[in-house]
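Single-structure report; data block below.
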Amino acid sequence: MASIDDFFKKPLLPSGQKRKSEPLRDPNEIYKSAKLDANGDARGSKNAAVEDAEDEDIAGPELPPDLAEEDIPDDEEGRFFGSGVTRDTSSALDFIEQQEKEGVQSGKIDATWLRRTALNFEKRISKNAELRAKFEDDPQKFMASEADLDVDIKGLSILSEHPALYPEFAELGCAGSLVSLLAHENTDIAIDVVQILAELTDEDVEAEEEQWEALVNAMNLCSKSSIAEKIGQESDIIPWLHSRILKSEKSVSQNKQYAAEILAILLQSSTKTCERFIGLDGVDALLRLLSLYRKRDPEKDSDEEEYVENLFDSMTCIVDGAAGKAKFVEAEGVELLQIMLREGKMSKLRALRVLSHAVGGKDGIQVCERLVEAGLLRTVFGMFMKKQDNQTIEHLLGIFASLLRSLPGESAGRIRTLAKFVEKDYEKVTRLVQLRRGYASRLVPIDQSIAQEQESLAKDEQDTMAAEWLSRRLDAGLVPLQV
């Protein structure tokens, strides 16, 4: 039996298939054999070149030159203990952190911030006004200042989150300056002001009563006739508001409602502004917009309802003047009001108020004559004979007084008006007497109460209470009684 050593001595394969093993070679000799020629090509065999290429593919592409040359120090703590962040990234993060800390400190919204903001805001306004006056014919010279002003206006919206600053905001004059920008030549600036005013006075702002009063009193500068007249005459705000309320929309937007509201404020504050609006064919525009509601009511408590109220307010202001009355008659405004009085719901009382203002004054004769010609006597006297609230009665009595005051003595219109009082056994006169007695009886106890209060008050205290006493007498029916 063969020993185990024999297995290691004898070859397992036939000797005919045995291949001679290559002799070991000196590494230096291998290195010298791969000399480069003059062109830089290796003198190795084709197989060696292929193997080198394969080695390069395995190793991957070369590193970028910048990274290859950078001397990256070894991580002393090891790869699992390092931050994994380069020096540049770390420096950037430190810079951002520092800027955030400084931003928090400098971004504190307090009185100091407000004074600094107010000063910059006034400077922006002054600079823009100066450049506009200096380079009136070259807009490129003042557009940059206008862009800066636009940014500052929008930046004031943050005040709505800090209503405690409202009083100081008003005291610094910023509220007045903001409102004055409604007259800016650039309508984009005026629109920004409207939006900021809406944010500052939003019902969701948690402000105390005194904070509201300070802001509103300062903003009410717009209601002063001198400022309102300047806004209406020296800017493009009136033409823009005119075109804005005429813009067709599927539903009345908040911006359209704001435009109608601002228009009503400006018109009721200045007769010259009314005349300018009339010159833009504003009477016809208002009548066309109001005609949509002659039989249809807007949704209750909506922007559309407030929008319609503002349109009626604007029309009431327009027909107070002679030019407005003439345009109103020319545009068949009396006929539109007749439809509203007969078929309208929400529009009925508003139309009656407009008619009361249109027939009033020394220039109301043409409206009175058109009222009679259009057959409105039957409508207004029919309303008078029904039970109505105090406001409706007040408007009806005002219309009757204007008809009797304005229509000439022998004119057909006056005769027809008097005939209405005489017909049906003087029932309209009887109704007038009953109303007068009722209002007089309601006013007696109010006058007695006021007289008792006057006896216990000094002269200066009586002067203070005069407005309140008048208000109480008006509520009791003083106006209908005087008419």
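What is the pair-distance distribution P(r) of segment 224-320, computed from all Cα-Cα distances in 10 Å bins starting at 0, with each bin given as a whole percent?
Result returned by the calculation: 16, 53, 26, 5.
Take every Cα pair under 8 Å in segment 384-483 that's 6+ residues apart, average their separations, divide by the length, and report that relative contact order as a whole percent. Walk me through the numbers before you get to the answer.
Values: 47 pairs, mean separation 34.2, N = 100.
Averaging sequence separation for qualifying contacts and normalising by length gives 34 percent for segment 384-483.
Could you give me D for segment 384-483, from Stokes-Einstein at 25 °C and 0.890 mPa s, where the hydrodynamic radius is the Kirkwood radius over C-alpha pairs? Units µm² s⁻¹, please. Intermediate results must be reported in sequence, preceding the final value.
Details: Rh = 15.8 Å.
Answer, rounded: 155 µm²/s.
Listed highest first by mean packing, meaning other Cβ atoms within 10 Å per residue, what order do 131-137, 472-478, 188-194 come in? All intermediate terms of the calculation are to be shown ahead of the outcome.
Working: 131-137: 11.9, 472-478: 16.4, 188-194: 19.0.
Highest to lowest by the protection proxy: 188-194, 472-478, 131-137.
What pairs in Lys348/Lys386; Lys134/Lys272; Lys256/Lys348; Lys230/Lys272; Lys272/Lys345 have C-alpha atoms more than 21 Å from each other? Write out the running numbers ahead of the final one.
On the way: Lys348/Lys386 14 Å; Lys134/Lys272 28 Å; Lys256/Lys348 23 Å; Lys230/Lys272 10 Å; Lys272/Lys345 33 Å.
From the list (Lys348/Lys386; Lys134/Lys272; Lys256/Lys348; Lys230/Lys272; Lys272/Lys345), the Cα-Cα distance tops 21 Å for Lys134/Lys272; Lys256/Lys348; Lys272/Lys345.
Give me the percent relative contact order of segment 339-449, please, defined on Cα pairs under 8 angstrom at least 6 residues apart.
Details: 73 pairs, mean separation 26.8, N = 111.
So the answer I get is 24 percent.
So if the hydrodynamic radius of segment 110-223 is defined as the Kirkwood radius over C-alpha pairs, what does Stokes-Einstein give as its diffusion coefficient at 20 °C and 1.002 mPa s, in µm² per second?
Numbers: Rh = 14.5 Å.
Translational diffusion coefficient: 148 µm²/s.
Could the peptides 280-293, 239-252, 148-161 be put in order, highest first, of the mean number of other beta-carbon atoms found within 10 Å of their residues? Present the calculation step by step, with values, prior to reporting the outcome.
Working: 280-293: 18.3, 239-252: 14.3, 148-161: 16.6.
Descending mean neighbour count gives 280-293, 148-161, 239-252.
For the peptides 417-429, 299-311, 367-379, what is the packing order when you average, over each peptide's residues, the other Cβ atoms within 10 Å and list the highest mean first? Working shown, then result.
Numbers: 417-429: 12.8, 299-311: 16.6, 367-379: 18.8.
Per-residue mean Cβ counts within 10 Å order the peptides as 367-379, 299-311, 417-429.
Since every read-out is calculated from the coordinates, none of them should be taken as a lab result. Everything numeric in this text was worked out from a predicted model, so none of it was measured. Don't worry about glycine lacking a Cβ; one is built from the backbone with ideal geometry, like all the others, and counts go over all protein chains shown.
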